[in-house]
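Student: Structure below; questions to follow.
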Amino acid sequence: MHFDLTDLRLFIHIAEAPSLTQGARKAFISPAAASMRIKALEAQLNSHLFYRDSKGVELTEAGQRLFKHARLVMRQVGYLKAEFTEYGTDSAGHIRIFANTTAVTEFLPEVLAGFLAQRPGVTIDLQERLSRDIVRGVLDGSSDMGIIAGPVTAAGLEVLHFSTDKLVLVSPNDHELTQYPSLTLRQTLSFHHVGLHEGSTLQAFVREQAEKLGVNLLWRIQLSSFESICRMVEAGVGIGVIPESAALRHSRTMNLTIIPLDEPWAIRERSILIRQLDALPGCIRALIAVMTQHCS
């Protein structure tokens, strides 16, 4: 069975559109030519790949299987091209990263700034995603690497531990909870919380821990950054659960009290997820090395 890379690339464009016309436009061919190529691909595989209607196209079960493999094939082709670029093995290429909230807002900006400054031929697409989407993205090839916190169960992936952080509670200095040397989440349930926006990995994680206790946290306001959370906490709006690294940094300029959380889930192991380290292009391996050194 022979696969044409042009056909696989076209198939991916249509699946992601999801429209034959839009997919053909992205592939720089006419809709008629695109339709002929997809029909030929379906005939070769003896399977229908799309459901077609007036609203566009939708992947069939066979199409979903091909989509998963096609993205991995094209990702590997991209890696192959990157290995033979004129800039060298680690000085050029494109890296897509799916990461959790803490990584995106806390330590990655500093790491990536230094990394990119030394490698003008490298570009990076950084996206904040939920943990399950990070794992799925690396597995199906839609992301080159993932950055996640907490336990990871992902067969088929390499998990590279690179640092440890923990979650703490931040409160105003005059809050009644400051009398305790440490707290459980249950002890905070009667107080208003300040948290991150919906869709953030940390927000989903903290909500999940509260749901395990059979309750919902009292969210006073939800914001886009740990700095904003700390400013609200300092003003007396509520209390917040954030990474200790962020709490320590903002406590240098704000009047905050940091209280340890006496919870087993408060310890957060940070890990890099990849499919196969040896198969990655030099620029991704170089970034992993920089991250490991920076955060150790």
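Residue-by-condition table, conditions (1) in contact with a Pro (Cβ under 8 Å, 6 or more places away or on another chain); (2) buried (at least 21 other Cβ atoms within 10 Å of the Cβ); (3) of a type outside the set (Asp, Glu):
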position: Ser142; (1), (2), (3): no, no, yes
position: Gly146; (1), (2), (3): no, yes, yes
position: Gly150; (1), (2), (3): no, no, yes
position: Val159; (1), (2), (3): no, no, yes
position: Lys166; (1), (2), (3): yes, no, yes
position: Asp174; (1), (2), (3): no, no, no
position: His192; (1), (2), (3): no, no, yes
position: Ser200; (1), (2), (3): no, yes, yes
position: Ala210; (1), (2), (3): no, no, yes
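Student: Testing Ala99 on (1) in contact with an Asp or Glu (Cβ under 9 Å, 6 or more places away or on another chain); (2) at pLDDT below 90; (3) among the small types (Gly, Ala, Ser), one condition comes back false. Which one is that?
Tutor: (2)
Student: How many residues are surrounded by fewer than 17 Cβ atoms within 10 Å (Cβ to Cβ) and part of a helix (DSSP H, G or I) if we restrict to region 27-50?
Tutor: 10
Student: So, in region 126-159, exactly how many residues are touching a residue at least 24 places away in the same chain (Cβ under 8 Å) and either assigned by TED's automatic domain parsing to the domain that holds Thr257 or polar (S, T, N, Q) (or both)?
Tutor: Number satisfying all stated conditions: 4.
Student: Of the residues Thr201, Thr253, only one is polar (S, T, N, Q) and at pLDDT below 90; which?
Tutor: Only one candidate passes the filter, namely Thr201.
Student: A further question follows. If we keep just the residues of region 232-267 that are out of contact with any Pro (no Cβ under 9 Å at 6 or more places or on another chain), loosely packed, with under 15 Cβ neighbours inside 10 Å and hydrophobic (A, V, I, L, M, F, W, C), which is farthest from Phe107 (Cα to Cα)?
Tutor: The extreme case among them is Ile267.
Student: Among (1) modelled with pLDDT of 85 or more; (2) among the aromatic types (Phe, Trp, Tyr); (3) surrounded by 14 or more Cβ atoms within 10 Å (Cβ to Cβ), which single condition is Phe3 missing?
Tutor: (1)
Student: Would you check if there is a residue in region 117-125 being buried (at least 16 other Cβ atoms within 10 Å of the Cβ), in contact (Cβ under 8 Å) with a residue 60 or more places away in the chain and in a helix (DSSP H, G or I)?
Tutor: The answer is no; no qualifying residue exists.
Student: Let me ask another. Could you list, in sequence order, the residues of region 146-174 that are under 22 Å from Phe107 (Cα atoms) and in a loop (DSSP other than H, G, I, E, B)?
Tutor: Matches in region 146-174: Gly150, Pro151, Val152.
Student: Taking region 16-38 on its own, how many of its residues are under 29 Å from the mean Cα position of the chain (by Cα), among the aliphatic types (A, V, I, L, M) and more than 20 Å from Asp53 (Cβ to Cβ)?
Tutor: Within region 16-38, residues that are under 29 Å from the mean Cα position of the chain (by Cα), among the aliphatic types (A, V, I, L, M) and more than 20 Å from Asp53 (Cβ to Cβ) number 1.
Student: I'd like the full set of residues that are in contact with a Gly (Cβ under 8 Å, 6 or more places away or on another chain) and either part of a loop (DSSP other than H, G, I, E, B) or modelled with pLDDT under 95 (or both), limited to region 185-194.
Tutor: Phe191, the sole residue that qualifies.
Student: Within region 5-56, which residues are among the acidic types (Asp, Glu) and touching a residue at least 24 places away in the same chain (Cβ under 8 Å)?
Tutor: Answer for region 5-56, where residues must be among the acidic types (Asp, Glu) and touching a residue at least 24 places away in the same chain (Cβ under 8 Å): just Asp7.
The values are calculated or read from the model by the stated rules, or taken from the named source; none is laboratory data. What you are looking at is a predicted structure, and each value in this text was computed from that prediction instead of being measured. Positions of Cβ are generated from backbone atoms using ideal geometry, with glycine treated the same way; all protein chains shown enter the neighbour counts.
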